[in-house]
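Here the structure comes first, spelled out in structure tokens, and everything after it is commentary.
The values are calculated or read from the model by the stated rules, or taken from the named source; none is laboratory data. Computed from a prediction, not measured in an experiment: that's the story for all the values here. Positions of Cβ are backbone-derived with ideal geometry, glycine not excepted, and every protein chain shown enters the neighbour counts. The area values use the complete protein model at the heavy-atom level, side chains included, leaving out ligands, DNA and RNA. Shrake-Rupley method; radii C 1.70, N 1.55, O 1.52, S 1.80 Å.
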Amino acid sequence: MIIEENESLKNLNTFGIDVSSKYFAEISSVNDLLQLLSEEKYKSEQKLILGGGSNILFTKNYNGLIIANNIKGITVEDVNENEVIISASGGEVWDDLVDFAVNNNYGGIENLKLIPGKVGASPIQNIGAYGVELKDTFLELTAINIHTLEEVRFKNQECRFNYRYSIFKDEYKDQFIITDVKFKLSKNPKINIEYDSLKKEIEIINPSELTIKVVSEAVKRVRESKLPDPLKIGNAGSFFKNPTIDKSKLLFLQKGYEQIPNYIINENEFKIPAGWLIEKSGLKGIQMGNAGTYKNQALVLINNGNASGKEILDLALYIQNEVKKNFGIELIPEVNII
Ligand code: FAD
Ligand code: EPU
């Protein structure tokens, strides 16, 4: 294991922000990790676990140790007539796991096709897309406690998953390094194409048979039409979470905007797309310095060239203020701001 000093992080975060880290180590095994965490030199350093860097905004150089997770491996642990348990190491690329499942006709994560990043980060915000969330197939994870070096397992309920939320974003933030995640997938996949744009894409494809492979291909096509490719335009997907409002607020907003898109959570709570609020605030496709919002998806903040993290953050603050002024709704970042 090589430990670098003043390592550039420009190619290690999908915003492409040019910052550096005081120390940087890439781990390829749990042993590497335990050895690293035992070294006296790094004990008092603050630590950050890095996966694919696709949900992080660096606003300054990192004054501590960055641990990049490169622990690989996907294994089928158990199979019965209906189900299969798959174990994936934290450093596996999430989309490779989806392809592995789809190619073997193991259903449950095909709607999560093409989400960037690594398996180890997937439980952190309970990744979700096109009507499916990680928690729907998540069985348990294994993690190392950063302070005690103890190996701990967390079952589904213990992670307290919710929309873009788990206990690792809150109480256990930066306390555990996720080394392995287990999923329970189905050998008799149930197709879920309830999400409107996915349903429309399937209609266009008009397949002779509706398989999970077709669903993952349709998800890929929808995503490619809406979201910028981080290799070409720096971004971290949705910058903010979709806010929840209550019924009286929705009725009030409907007086001015009859067509406001909304998704019912329960009879008194509704989710509003943050992208719509940003677009209706006149901020879709705008540029502020080197930062901007994407022309096809206002919720995606982009690096138009050499933006600093501070420029992206300033734009985010501006958007929050405008949306608050126009709609009285607070946008909360989804992206981890460092
Ligand atoms: P990183 O950005 O490296 O890290 C994210 C957070 O997790 C950090 O706080 C980090 O410290 C922590 N972390 C990372 N690995 C570990 C570990 N092993 N143990 C403990 N903590 C860890 N997200 C969705 O939910 N749905 C989407 O549809 C979606 N679409 C996206 C589209 C684009 C184009 C982009 C760029 C991003 C998108 N995202 C989406 C956000 C992002 O891909 C996910 O949040 C992803 O899970 C982040 O993985 P990562 O490995 O890049 O994590
Ligand atoms: N919309 C606009 N203008 C825009 C963008 C969106 O009006 O510029 C409105 C439209 O009404 C559209 C609706 O918002 O129908 C929903 O848009 P979209 O389907 O693109 O989804 P989203 O709510 O913007 C969420 C997730 C995405 C996930 C997609 C698909 C959040 C914060 N974002 O986006 O996740 O891929 O749904 O499920 O929940 C991410 O987390 O990084 C991410 C990309």
Study note, to complete from the structure: I337 and K310 label points (each 7 Å along its Cα→Cβ direction) are spaced in nm at 1.4 nm
Review point. What residues have an amide H closer than 5 Å to that of V19, excluding those fewer than 5 places away on the same chain, when H is modeled at 1.01 Å from N in the peptide plane?
Key: L9, K10
**Study point:** From phi via Karplus (6.51, -1.76, 1.60), per-residue ³J(HN,Hα) for the stretch 42-58 in Hz, x at Gly/Pro
**Key:** 9, 4, 8, 6, 5, 10, 10, 8, 10, x, x, x, 9, 9, 10, 10, 7
Point to revise | Amide H within-cut-off set for G52, under 5 Å, with H built and near neighbours excluded | key: K118
**Study point:** Gain on full stretching of the segment that runs from E258 to N188 - 0.36 nm per residue minus C-alpha separation
**Key:** 21.0 nm
Practice item. Note the full-extension length gain between S197 and L250 as 0.36 nm times their separation in residues minus their Cα-Cα distance, in nm to one decimal. Key: 16.8 nm
Study note, to complete from the structure: So, with points 7 Å from each Cα along the Cβ direction, the K232-N321 label distance in nm works out to 3.3 nm
Check your understanding: What trypsin sites (Lys or Arg not before Pro) in the stretch 198-232 are in a loop by DSSP, with at most 12 other Cβ atoms within 10 Å of the Cβ?
Key -> K232
Point to revise | Cα lying deepest toward the dipole's positive end in the stretch 263-326, options Y294, I264, N321, charges on Cβ | key: Y294
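Please report the carbon-and-sulfur percent of the accessible area for the chain; probe 1.4 Å, protein heavy atoms only, DNA, RNA and ligands left out. Don't jump to the answer; show the numbers that get you there.
Details: 7480 of 16320 Å².
C and S atoms contribute 46 percent here.
Sequence gap at least 6, Cα distance under 8 Å: using those rules, report the relative contact order of the chain to the nearest whole percent. Let's see the in-between values first.
On the way: 698 pairs, mean separation 54.5, N = 338.
16 percent.
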Exercise for review: Give me the accessible area of L317, 1.4 Å probe, in Å² rounded to the nearest 10.
Suggested key: 80 Å²
**Study point:** Within a Gaussian network of the chain (alpha carbon springs, distance under 10 Å), most fluctuating of E151, E267, E83
**Key:** E267
Check your understanding: Beyond 26 Å, what percent of the Cα pairs of the stretch 45-201 remain?
Key -> 25 percent
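Remind me, what semi-axes does the chain give for its equivalent ellipsoid, largest first in whole Å, using sqrt of 5 times each Cα gyration tensor eigenvalue? Present the calculation step by step, with values, prior to reporting the outcome.
On the way: eigenvalues 199, 154, 68 Å².
In descending order the semi-axes read 32, 28, 18 Å.
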Check your understanding: Amide H neighbours of G234 under 5 Å, counting only residues 5+ apart in sequence or on other chains, H built in-plane at 1.01 Å?
Key -> N303
Review point. At what distance in nm do the modelled label points of F100 and K155 sit from each other, each positioned 7 Å from its Cα along Cα→Cβ?
Key: 2.4 nm
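Using the scaling law 2.2 N^0.38 Å as the reference, what is the normalised Cα Rg of the stretch 1-86?
Details: Rg = 16.1 Å, N = 86, 2.2 N^0.38 = 12.0 Å.
For the stretch 1-86, the normalised Cα radius of gyration comes out at 1.35.
Find how much the distance from N63 to V93 grows on full extension, using 0.36 nm per residue of separation minus their present alpha carbon separation; answer in nm with one decimal.
Details: separation 30, 0.36 × 30 = 10.80 nm, distance 2.66 nm.
Contour length minus the Cα-Cα distance gives 8.1 nm.
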Review point. Ratio of the stretch 217-270's C-alpha Rg to 2.2 N^0.38 Å, to two decimals?
Key: 1.58
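Would you calculate, for the chain, the mean residue ellipticity at 222 nm contributed by helices, counting each DSSP H stretch of 4 or more residues as -39,500 (n - 2.57) and dividing by all residues, to the nearest 500?
Numbers: 8 runs with 84 residues, N = 338.
Rounded to the nearest 500, it is -7500 deg cm²/dmol.
Quick check on the stretch 147-280: take the gyration tensor over C-alpha atoms, sort the square-rooted eigenvalues as a ≥ b ≥ c, and tell me if it's rounded (a/c under 1.5), prolate or oblate. Write out the running numbers ahead of the final one.
Details: a/c = 1.70, a/b = 1.16, b/c = 1.46.
It is oblate, given that a/c is not under 1.5 and a/b is not larger than b/c.
What size of dipole, in debye to the nearest 20, comes out for the chain about its Cα centre when the only charges are +1 on Lys and Arg C-beta atoms and -1 on Asp and Glu C-beta atoms? Don't jump to the answer; show the numbers that get you there.
Details: 39 positive and 46 negative charges, 226 e Å.
The dipole magnitude comes to about 1080 debye.
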